[in-house]
Amino acid sequence: MEPLIAHAVKTIVLVEDDDVVRRLVSRVLEHEGYRVLGAVSGEEGLEILGREEPDLLLTDLTLPGDLNGLDLGRRALEERDDLKLICMSGYGEEDIADDLLGIARGAAFIGKPFSPKELLETVNDLIGDS
């Protein structure tokens with residue numbers, strides 16, 4: 001009998017201040033088999049990133065507090081250049097995101113609103129099993 005191959009569960013830190021969006025995105029990702037750690041602010045996201053070793057940071061660009069999604073992404077990538085990053089926004093901030101995505105290997109931008117299929121395709125492209 002051949003041994004079963006265990007697939008490592010990939011971890012995503014999801015930073016989104018809108019409770020409804022955060023819950024929906026979490027459900028979609030968890031249904032796909034990802035472990036999702038949610039945060040409502042950049043500061044909370046940074047705290048999670050400091051104690052966990054996620055595969056992906058999925059962050060809204062517009063966040064409450066002193067640490068927006070762009071700054072969070074930059075700080076996270078300074079600490080871990082192997083971290084994958086997806087920035088999302090509903091405010092047409094693609095130009096801002098381009099600055100960050102230009103320096104990050106394994107990064108993407110997704111505009112809101114997005115479908116579950118679009119979300120999963122973007123996530124799976126970066127951290128899905130080959």
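The values are calculated or read from the model by the stated rules, or taken from the named source; none is laboratory data. Model, not experiment: these values are computed from the prediction. Note that each Cβ is placed from the backbone with ideal geometry, even for glycine, and that neighbours are counted across all protein chains shown.
When only residues in segment 106-123 that are in contact with a strand residue (DSSP E or B) (Cβ under 8 Å, 6 or more places away or on another chain) and under 17 Å from residue 55 (Cβ atoms) count, which is surrounded by the most Cβ atoms within 10 Å (Cβ to Cβ)?
If we filter segment 106-123 for residues that are in contact with a strand residue (DSSP E or B) (Cβ under 8 Å, 6 or more places away or on another chain), which is where we start, we get 106-112, 114, 118-119, 122-123.
So of that shortlist, the ones also under 17 Å from residue 55 (Cβ atoms) come out as 106-108, 110, 119, 122-123.
Details: 106: 17, 107: 20, 108: 19, 110: 17, 119: 19, 122: 18, 123: 24.
Among those that are in contact with a strand residue (DSSP E or B) (Cβ under 8 Å, 6 or more places away or on another chain) and under 17 Å from residue 55 (Cβ atoms), it is 123.
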Checklist entry - Out of (1) under 22 Å from residue 124 (Cβ atoms); (2) touching a helix residue (DSSP H, G or I) at 6+ places or on another chain (Cβ under 7 Å); (3) at pLDDT 95 or above, what's the single condition that is false for residue 69? => result (3)
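Is it the case that residue 35 is at pLDDT 95 or above and in contact with a Pro (Cβ under 9 Å, 6 or more places away or on another chain)? Show your work before the answer.
On the way: at pLDDT 95 or above: yes; in contact with a Pro (Cβ under 9 Å, 6 or more places away or on another chain): yes.
Here the answer is yes, as residue 35 does meet what is asked.
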